[in-house]
Amino acid sequence: VRFVDEFRDAELGRVLASEIVASVEPGRHYKVMEVCGGHTHTIYKYGVDDLLPANVELVHGPGCPVCVIPMGRVDDGIAVAREANVILTCFGDMMRVPGGTGTFLEAKAEGADIRMVYSPLDALRIARQNPDRDVVFFAVGFETTAPSTALTLMRAKAEGVPNFFCLCNHVTIVPPLRALLESPDLRLDGFIGPGHVSTVVGARPFEFIPADYGKPVVISGFEPLDLLQSVYMVLRQLTDGRCEVENQYSRVVPYDGNPAALRVLQEVFELRPHFEWRGLGFISHSGLKLSAAYADYDAELRYSVPGVRVADPKACQCGEVLKGVIKPWECKVFGTACTPERPIGTCMVSSEGACAAYYNYGRLTRERQVV
Amino acid sequence: MDDHEARTPGTPLAVRGRRGQYGDTAPEGTVPPAGRGGGEAGLRLAGTGAGQDREQHALGLIERVRAKPARFRDERITMAHGAGGKATLTLIEGLLAPAFGLGELDDAAHVDGLALTTDSFVVKPIRFPGGSIGELAVNGTVNDLAVSGARPLALTLSLVLEEGLSADDLRAEVEAIARAAEAAEVDIVAGDTKVVERGKCDSMYVCTTGIGRLDPRASLSPSSIQPGDRILVSGRVGDHGTAVMLARGEFELEAAVESDTRPLWTAVDALLEAAGPSLRCLRDATRGGVASALNELARSSGVAMLVREARVPVHAAVAGACEILGVDPMYVANEGVLVAFVAPGAATAALEALAAVPGCEDAAEIGEVRSEPPGIVLVETAFGGRRVMDLLVGDPLPRIC
């Protein structure tokens, strides 16, 4: 694929990997968290961690949008889908996320009309094609996907589509990072910042990480070379004793973000007082709901969603995995009771989830190497 | 409508207790726990220390869980049960195979020198670039026979038609079936037709049952796969599934991708001629793609497989479309690609013979069989890293981010 393969060059990868080996202090153990699930996916898909020295450990952070959806919200989605006359639409990787009352896939098998879409605009199209049905878009994601939901709602309003609604689960990236950094059991040396989110919010919102918590941040792209280079940049900062926000993904990420997208978010959404995160609990000002101007499109207002908080299963340690306190395989139920076929926790659902990524791709890379 | 069946040669057919066939699925099998330490020459433990030991222990536990016979515990059938991944496997190994006393499962059942297989075809839309449901129904079944080492002889054909289907569409598919049968050199010898109310089926479903004569040169079986064997594919992977996905028009994405639907007996014939007994096993990489075929065989044969991603032939447009959709071409369905396992000494000759078959020009050697870790398919990524390539649970679900 043109313009992409250049960032997957194995030869350059080897060069970068040897630079990394040269830049680490032999006796020191480095823990670097990649915040974004997209990075986790790339790391496993290309075996990037295979190229790193043993004392550089990548910790998978809370940036997998479906992984942080609490069980109660899935139940809310199912309840709406079971309402007469509703078509619920969602992204593909939401389909297998377990709630307290099952998954969307199971609700679909039981008769609910749940359809997978690739974009909220597809959901709007379904609404136009089915004027006698209510079409609800189950919106998930960080600032990355929120603008596309916002633009779709603006279009629905402009076109006067009366049967399109949004069940909003959009979240913001900074509050969970702050919550994570406040966590006393956290031991991280630096962060690889989320590239896609940063295309919208910019690099500036991450300045608090070096300023308040003394950890370096490098905003990274999503190709394997991007990630290797970002790891290298984090390690360089540590070696040089620097601590700042650097932008490896400058080909896409402007330091101040995308003002047009930010304006759209401002118009369509407002911050909730608090929102529940899977495994992390309630975090203040971390979730988005539709603003008063878009109240007519808010599925939470149109339907009586149960809104019940469902406690995470006792055995599930998704929270610790999301915080990077334990590796996926250290979870008590990893790979035995909790598998991609029968996930207990959300980290096992999406291929971006730390547990699923490790289970599907990474099971042996840390264990053995073929020379 | 009444059934109309012609006599097929051979003895009465019974499958019970013999080598059976059920869908495109894997044999019931046990996977030995992942080898610890030692193992194949060239494998070594990366690093030491308590962390690694505990990780090994956790991985050992997982392999033990995976090795247990699949149990079918789902309350309802979901779309995942039809996708050819783990959920399908659970359905077959946990419910169907035990109910019918089927042992080793393969692409076709072998009964007294004959091979027998059956398949149902549901595809939406019924016509897509490069083919249609009628062609699939012929090629899918003759290919199951071919990869079991049998020359296809005859097919039966069942049609389930939706009320309101246009006669032109039906005529077009019947003609497509006739043309495909002629190209595959099989006769359609019996059939059945049912019509269901509008909305009870999607235009038309087609079921075909095929019978073939086992080729005396062939002794193909998953159990003959040995470490050192080379893995060949007969063409570019992912074309069919990508063409169908794009033809559904659910994404605003266009690419010049055509289904690869084609009969594979000529390719099998060429392989048998070139490699003879060195040809160990063949598999039709349909639903679930090459990745699922390799996983099923690694599991049933208790071997490991190493695939070199850079050597896997993928059409640039397929690679691009899959990249955008967030799916891996290795898991995308094919309808005219086989995977062949050949002893190392015969691999070059087999590949040359295969590449000379029309439609198989892009055939390639994509990897090899190893002994460790058993039951696992590993990929050496084009980037130089290494990862596991496991069975998917169900359909590949696109990622959002």
Sole miss for A:ASP113 among (1) of a type in the set (Asp, Glu); (2) under 16 Å from the mean Cα position of the chain (by Cα); (3) more than 12 Å from every other protein chain (Cβ to nearest Cβ) is condition (2)
Condition first: in contact with a strand residue (DSSP E or B) (Cβ under 7 Å, 6 or more places away or on another chain) and more than 16 Å from B:VAL257 (Cα to Cα). Can you find one or more residues in the range B:315-337 that meet it? no
When restricted to A:LEU58, A:LEU88, the only residue assigned to a strand (DSSP E or B), in contact (Cβ under 8 Å) with a residue 12 or more places away in the chain and under 27 Å from A:VAL117 (Cβ atoms) is A:LEU88
Reported set for the range A:297-318 where residues are in a helix (DSSP H, G or I), of a type in the set (A, V, I, L, M, F, W, C) and crowded, with 20+ Cβ neighbours inside 10 Å is A:ALA299, A:CYS318
Within the range B:100-114, residues surrounded by 20 or more Cβ atoms within 10 Å (Cβ to Cβ) and under 17 Å from the mean Cα position of the chain (by Cα) come out as B:LEU105, B:ASP106, B:ASP107, B:ALA108, B:ALA109
Subset of the range A:217-270, residues in contact (Cβ under 8 Å) with a residue 12 or more places away in the chain, closer than 19 Å to A:LEU188 by Cα and assigned to a loop (DSSP other than H, G, I, E, B), comes to A:ARG242, A:CYS243, A:GLU244
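Can you tell me which residue is nearest to the other protein chains (Cβ to nearest Cβ) among those in the range A:127-150 that are surrounded by fewer than 18 Cβ atoms within 10 Å (Cβ to Cβ) and touching a residue at least 24 places away in the same chain (Cβ under 8 Å)?
A:SER148
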Scanning the range B:84-97 for residues that are surrounded by fewer than 21 Cβ atoms within 10 Å (Cβ to Cβ) and among the hydrophobic types (A, V, I, L, M, F, W, C), the one farthest from the other protein chains (Cβ to nearest Cβ) turns out to be B:LEU96
**Request:** Please verify whether the range B:187-199 includes one or more residues that are touching a residue at least 12 places away in the same chain (Cβ under 8 Å) and crowded, with 22+ Cβ neighbours inside 10 Å.
**Result:** no
Residue set B:LEU161, B:LEU145, B:LEU155; condition among the aliphatic types (A, V, I, L, M), part of a strand (DSSP E or B) and within 17 Å of B:ASP187 (Cβ to Cβ); output residue B:LEU155
>> Here is a check on your reading of the model: is B:LEU294 in a helix (DSSP H, G or I) and touching a residue at least 12 places away in the same chain (Cβ under 8 Å)?
In response: yes
Scanning the range B:64-83 for residues that are away from chain A (no Cβ under 11 Å) and in a helix (DSSP H, G or I) gives B:ALA67, B:GLY82
Of the listed residues (A:TYR294, A:TYR358), the one being outside any loop (DSSP other than H, G, I, E, B), within 14 Å of chain B (Cβ to nearest Cβ) and buried (at least 17 other Cβ atoms within 10 Å of the Cβ) is A:TYR358
Result of the Cβ filter at 8 Å on the range B:152-163, keeping first residues that are under 12 Å from B:ASP119 (Cα atoms) and partners that are outside any strand (DSSP E or B), at least 6 apart or interchain, is B:LEU155/B:VAL138; B:LEU155/B:THR141; B:LEU155/B:VAL142; B:LEU155/B:ALA181; B:LEU155/B:VAL186; B:LEU157/B:ALA137; B:LEU157/B:ILE177
Scanning the range A:324-349 residue by residue, those farther than 16 Å from A:GLY100 by Cβ, within 14 Å of another protein chain (Cβ to nearest Cβ) and either in a helix (DSSP H, G or I) or without any contact (Cβ under 8 Å) to a residue 12 or more places away in the chain (or both) turn out to be A:ILE326, A:PRO328, A:TRP329, A:GLU330, A:THR336, A:GLU341, A:MET348
Residue hits (the range A:3-41; facing another protein chain (nearest Cβ under 10 Å) and charged (D, E, K, R)) are A:ASP5, A:ARG8, A:ASP9, A:GLU11, A:ARG14
Only unsatisfied item for B:SER120, checking (1) on the phi < 0 side of the Ramachandran plot; (2) out of contact with any Cys (no Cβ under 8 Å at 6 or more places or on another chain), is (2)
Selection from the range B:208-231 of residues of a type in the set (A, V, I, L, M, F, W, C), over 28 Å from B:ALA154 (Cα atoms) and surrounded by 24 or more Cβ atoms within 10 Å (Cβ to Cβ) yields B:ILE231
Reported set for the range B:232-251 where residues are within 18 Å of the chain's Cα centre (by Cα) and either surrounded by fewer than 16 Cβ atoms within 10 Å (Cβ to Cβ) or of a type in the set (Gly, Ala, Ser) (or both) is B:SER234, B:GLY235, B:GLY238, B:GLY241, B:ALA243
Condition set assigned to a loop (DSSP other than H, G, I, E, B) and of a type outside the set (D, E, K, R), scope the range A:1-45, selection nearest to A:VAL218 (Cα to Cα): answer is A:VAL24
When (1) assigned to a helix (DSSP H, G or I); (2) farther than 21 Å from B:ALA184 by Cβ; (3) more than 14 Å from the chain's Cα centre (by Cα); (4) of a type in the set (D, E, K, R) are applied to B:GLU254, the one that fails is (1)
Qualifying residue in the range A:166-189 (condition: more than 26 Å from A:VAL231 (Cβ to Cβ), away from chain B (no Cβ under 14 Å), at pLDDT 95 or above and out of contact with any Lys or Arg (no Cβ under 9 Å at 6 or more places or on another chain))
yes
Reported set for the range B:212-250 where residues are acidic (Asp, Glu) and out of contact with any Leu (no Cβ under 7 Å at 6 or more places or on another chain) is B:ASP229, B:ASP239, B:GLU250
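This table checks each residue for (1) surrounded by fewer than 19 Cβ atoms within 10 Å (Cβ to Cβ); (2) in a helix (DSSP H, G or I); (3) more than 11 Å from chain A (Cβ to nearest Cβ); (4) of a type in the set (S, T, N, Q).
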site: B:ARG299; (1), (2), (3), (4): no, yes, yes, no
site: B:MET305; (1), (2), (3), (4): no, no, yes, no
site: B:PRO313; (1), (2), (3), (4): yes, no, yes, no
site: B:VAL318; (1), (2), (3), (4): no, yes, no, no
site: B:GLU323; (1), (2), (3), (4): yes, yes, no, no
site: B:VAL327; (1), (2), (3), (4): no, no, no, no
site: B:GLY336; (1), (2), (3), (4): no, no, yes, no
site: B:PHE341; (1), (2), (3), (4): no, no, yes, no
site: B:ALA347; (1), (2), (3), (4): no, yes, yes, no
Looking at this structure, is A:ASP49 acidic (Asp, Glu), more than 10 Å from every other protein chain (Cβ to nearest Cβ) and in contact (Cβ under 8 Å) with a residue 12 or more places away in the chain?
no
Just one listed residue, out of B:ALA270, B:ALA218, is over 26 Å from B:ALA321 (Cα atoms) and not in a loop (DSSP other than H, G, I, E, B), and it is B:ALA270
All-but-one check, A:VAL321 against (1) assigned to a loop (DSSP other than H, G, I, E, B); (2) farther than 25 Å from A:LEU88 by Cβ, failing number (1)
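The values are calculated or read from the model by the stated rules, or taken from the named source; none is laboratory data. Computed from a predicted model, the values in this text were never measured in an experiment. When we count neighbours, we look across all protein chains shown, and the Cβ atoms used for this are built from the backbone with ideal geometry, even at glycine.
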